[in-house]
Each structure stands twice: as C-alpha cells, then as structure tokens.
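One structure is given below, encoded as structure tokens.
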C-alpha cells in the first residue's frame, strides 16, 4: 500500500504510465444519493486532482475506485440510520477487482497531504493494479522515509511546505529530510 506525497503534476505521469498499459476508469468512492455511476477515463480528467483537499486529514480525503475499463462498477444499496431514503455506496465490497486511489492535495497554503494507493482485496486483478501503480511510484519518485515523493513535492518540502498526513498533527509528525 504505497503512500506518497505528490502534486497533481507529480501524480499525472504515474497515472498516465499505468493507463498506457491498460484501460482504467476512476470512480469517486463514497455514499451517493443515486445508483448512477460516473467514471472518468483518465487521471487528467479527475475533477478533484487540482483542487484543494476536502479534509485536513489525508485518510478522509477524496478517493477513487480504480478499475480496468472492462469491469463495471457496481454500487451497493445501503440504508443509513436516521435517513428515510436509501443511498448507494461505491466501494470495494461489490468491486473486489479494483484498487483505491487517494490523491492527497493541498490543505490551506502551506500543507501538502499525502496520497495513497491501497486495496482491501486480495483478488488477482486488484493485486495486479496495485503492483502497476507501485512500480511506477518506485520508478518515478524518490523514497524518503516511508513515503514516495514526487519532484514538485520534494521541492515544496525543501522550501518549507509541510508534507504531512494531517494538518492538525504537530510538526514532529511531518516528513523531513
């Protein structure tokens, strides 16, 4: 489960490299009000990739289910306690041949939250996707402590930007060289 620090410019070549060897779809995870599935065919088209992070903690940020293009994303009907109408979950429970991408991003002006590519599934297609992304991270990013770090993210670290898993964490938990 590779963790990384990357700007959109750092991450796009990783996504493009994996996309070049297999067709992928990216579908935002979470609880939805309808069973309609909206998927994107490239990392470049992800609407949140260049936007500010939606949470001050990386683990609760925006995530996308990544599938090979021939696999349909199946929403899961759920009932949320206290809500009258059903919702649909987009997650790995009904989509075990996928992996999940959290791209991280900027929180405020001086914090870059980490990203992660992970899977709860042990299926062969899921593990193959994991390996493809991990291989590209290892080839294109440098390793710094437990993280892979893109070129722009490394320059930001050197210029004083906080690279961290949570904006509210003390600086002692930030990535340092």
Which ones in the range 80-92 are in contact (Cβ under 8 Å) with a residue 24 or more places away in the chain and either surrounded by 11 or more Cβ atoms within 10 Å (Cβ to Cβ) or touching a helix residue (DSSP H, G or I) at 6+ places or on another chain (Cβ under 6 Å) (or both)? 80, 87, 88, 89, 90, 91, 92
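Quick check, is residue 112 more than 20 Å from residue 25 (Cβ to Cβ) and at pLDDT 95 or above?
yes
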The condition from (1) without any contact (Cβ under 8 Å) to a residue 40 or more places away in the chain; (2) under 11 Å from the mean Cα position of the chain (by Cα); (3) not in a strand (DSSP E or B) that residue 59 misses is numbered (1)
Looking at the range 72-93, is at least one residue within 30 Å of residue 161 (Cβ to Cβ) and in a loop (DSSP other than H, G, I, E, B)? no
Residue 77: over 11 Å from the mean Cα position of the chain (by Cα), buried (at least 20 other Cβ atoms within 10 Å of the Cβ) and modelled with pLDDT of 95 or more, yes or no? no
Within the range 96-108, is there a residue that is modelled with pLDDT of 95 or more and on the phi > 0 side of the Ramachandran plot? yes
Every residue from the range 62-71 that is over 30 Å from residue 162 (Cα atoms) and not in a loop (DSSP other than H, G, I, E, B): 67, 68
Go through the range 146-173 and count every residue that is modelled with pLDDT of 95 or more, assigned to a helix (DSSP H, G or I) and either more than 18 Å from the chain's Cα centre (by Cα) or surrounded by fewer than 18 Cβ atoms within 10 Å (Cβ to Cβ) (or both). 7
Pick out the one residue from 116, 143 that is in a strand (DSSP E or B) and crowded, with 16+ Cβ neighbours inside 10 Å. 116
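The values are calculated or read from the model by the stated rules, or taken from the named source; none is laboratory data. Because the structure is a prediction, the values reported are computed rather than measured. Backbone-built Cβ (ideal geometry, glycine too); neighbour counts: all protein chains shown.
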